[in-house]
Ligand code: G6Q
């Protein structure tokens with residue numbers, strides 16, 4: 001990371017100057033250059049992926065200034081530190097090695113002087129054996145029945161990743177049904193368990209710390225439900241744990257044989273590649289889980305070895321910085337044109353916002369610039385019928401990523417062409433809008449009077465010039481999904497490196513783990529302690545009105 005204050009670097013100052021000059025950033029004008037798509041897009045034939053970033057508010061000069069920003073921040077040098085196992089998570093004094101979990105060529109990677117690959121490979125082997133046995137029926141429940149349903153009990157990083165992937169790969173699911181129990185709200189466990197049979201259900205308790213209130217509460221209730229039907233001895237057939245905390249797993253009553261380990265160098269929101277992915281391996285099979293890892297590994301190499309000008313995650317990050325830090329955008333929208341990816345925006349919300357929602361830099365000083373954007377989105381075309389209005393005609397600049405696939409996993413009539421027609425139409429409309437002249441022409445052709453046209457036309461104008469990226473991917477497979485996730489991971493990494501923040505701690509989440517424990521006893525004994533009058537008023541009302 002650069003030691004000069006970020007806003008003092010020549011790269012930053014030049015971008016600021018260029019922003020103030022503000023000229024030439026009209027997409028309609030920029031697209032007079034017929035080569036623009038060719039120049040501002042990247043095609044990866046091996047993955048079958050096209051990344052088109054031509055519909056962004058940049059020209060050659062801004063692009064090269066952004067590249068200079070990445071150079072000044074030493075993004076590649078910093079990435080090498082991550083890949084080499086340096087402790088770049090400096091507040092927790094930890095290495096950041098989710099990349100080792102998908103190190104397909106198995107070269108040694110060291111943390112604290114020790115090669116981490118043997119332990120990673122041993123857990124992968126154990127996951128393979130377990131998922132194979134579960135899927136084939138070799139692993140059976142306590143009463144001799146095949147397991148038909150698995151329930152992953154976890155929250156945050158121990159839930160969002162595997163859940164998103166199982167949804168995304170649903171087409172390939174040929175193992176036990178996967179359910180995901182996360183919320184401490186009893187409604188979640190109630191609704192999941194009511195359709196399940198304890199004899200054919202296996203619980204995967206996923207918790208890095210094995211102390212998280214939500215997960216342990218849900219796991220204890222699930223245990224009671226399971227043991228209630230089959231007795232204490234059944235736990236070994238119906239519960240496995242994914243954790244770094246062997247002691248707590250044992251205390252819970254899960255045999256260490258049934259524990260799948262991971263390590264402190266794997267952050268929660270980067271953990272789907274680790275034992276936390278066990279539900280994925282059970283649901284779609286270990287080979288497909290391996291392909292997912294291979295896809296991510298392919299992007300790891302791309303990120304590490306490709307010059308910035310052709311480096312997809314670096315470009316995604318730089319464009320994000322251009323909007324976030326120079327053009328005043330507050331949010332970034334992710335719009336997958338695939339129902340299978342309906343959990344992808346929710347997954348990225350954690351990956352991005354928990355990583356880069358920070359205010360303190362590497363020198364322990366408050367930053368004087370914006371950091372992580374608000375991430376949001378929904379699958380297309382659903383979003384088109386709700387919030388796209390604001391993107392098209394609202395007052396805010398909302399850069400958006402469109403993600404679409406050339407081939408659907410399952411072709412049904414002309415659904416896919418209709419879906420993809422929208423995928424192509426929206427970025428086009430966002431970029432080029434609809435001029436007043438065109439609106440008037442359309443209304444005149446519809447036979448409307450001049451007077452009426454005069455009144456209505458302003459509302460029907462689309463200013464355009466709204467920036468988008470498009471990812472067009474040949475097929476949604478475990479491999480391309482792994483690659484897509486890794487692209488966003490490294491985008492987040494690059495932005496964190498440039499903003500000089502720690503993308504790998506999460507003190508905001510830790511606070512949440514403490515706060516509720518203070519109030520919990522006040523809800524059981526009915527007496528509120530000292531709080532502000534609002535909190536006290538609400539707790540008193542809760543205690544007074546609750547059905548005993
Ligand atoms: C992720 C965060 C957080 C974490 C959950 C669950 O990066 O640390 O989302 O994953 O709080 O924690 P446990 O896995 O320890 O239960």
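Bear in mind these aren't lab numbers, they're just calculated from the coordinates by the rules spelled out. Worth saying up front: this structure is predicted, and the values here are computed from it rather than measured. Note that we place each Cβ from the backbone using ideal geometry, even for glycine, and neighbour counts take in every protein chain shown.
Assuming R0 = 22 Å, what is the FRET efficiency of residue 432 and residue 34, from their Cβ-Cβ distance, to the nearest 0.05?
For residue 432 and residue 34, the calculated efficiency is 0.90.
Give me the number: length gained by fully extending residue 16 to residue 104, i.e. 0.36 nm times residue separation minus the C-alpha to C-alpha distance, one decimal in nm.
Gain in length upon complete extension: 27.5 nm.
Output the Cα-based Rg and Dmax of the stretch 47-93 in Å, rounding Rg to one decimal and Dmax to a whole number.
Just the Cα atoms of the stretch 47-93 yield Rg and Dmax of 15.5, 41 Å.
Subtract the Cα-Cα distance of residue 61 and residue 395 from 0.36 nm times their separation in residues, and report this length gain in nm to one decimal.
117.6 nm
Label points 7 Å out from Cα along the Cβ direction at residue 386 and residue 530: separation in nm?
Modelled inter-label distance: 4.4 nm.
Which whole-number percentage describes the relative contact order of the chain, with Cα contacts under 8 Å and a sequence gap of 6 or more?
Once divided by the residue count of the chain, the mean separation gives 18 percent.
Take the alpha carbon gyration tensor of the stretch 139-206, find the square roots of its eigenvalues, order them as a ≥ b ≥ c, and report rounded if a/c is under 1.5; if not, report prolate when a/b exceeds b/c, else oblate.
The shape class here is oblate.
In nanometres, what is the gap between the two model label sites at residue 80 and residue 305, each 7 Å from Cα along Cα-to-Cβ?
The answer from the label model is 1.5 nm.
Just want to confirm a number: the relative contact order over the stretch 1-123, from Cα pairs under 8 angstrom separated by 6+ residues, in percent.
Worked out over the stretch 1-123, it gives 19 percent.
Provide the FRET efficiency to the nearest 0.05 for the residue 197-residue 115 pair, computing r from the beta carbons and using R0 = 56 Å.
Efficiency, rounded to the nearest 0.05: 0.80.
Could you give P(r) for the stretch 361-488, binned at 5 Å from zero, as whole percent values over all Cα-Cα pairs?
Spelled out bin by bin, the stretch 361-488 gives 2, 8, 14, 15, 15, 14, 11, 8, 6, 4, 2, 1, 0, 0 percent.
What spacing in nm lies between the two simple spin-label points modelled at residue 450 and residue 143, each 7 Å away from Cα in the Cβ direction?
8.3
When all C-alpha to C-alpha distances in the chain are sorted into bins of 20 Å, what percent of pairs does each bin hold, rounded to whole numbers?
Here the calculated profile for the chain is 20, 49, 27, 4, 0.
What order, most packed first, do the peptides 347-356, 313-322, 271-280, 97-106 have when packing is the mean number of other Cβ atoms within 10 Å of each residue?
Packing proxy ranking, top to bottom: 271-280, 313-322, 347-356, 97-106.
How high is the relative contact order of the stretch 61-141, given as a whole-number percent (alpha carbon pairs under 8 Å, six or more residues apart)?
Dividing the mean separation by the residue count of the stretch 61-141 yields 16 percent.
Between residue 125 and residue 516, take the C-beta separation as r, use R0 = 51 Å, and let me know the FRET efficiency to the nearest 0.05.
That gives a FRET efficiency of 0.85.
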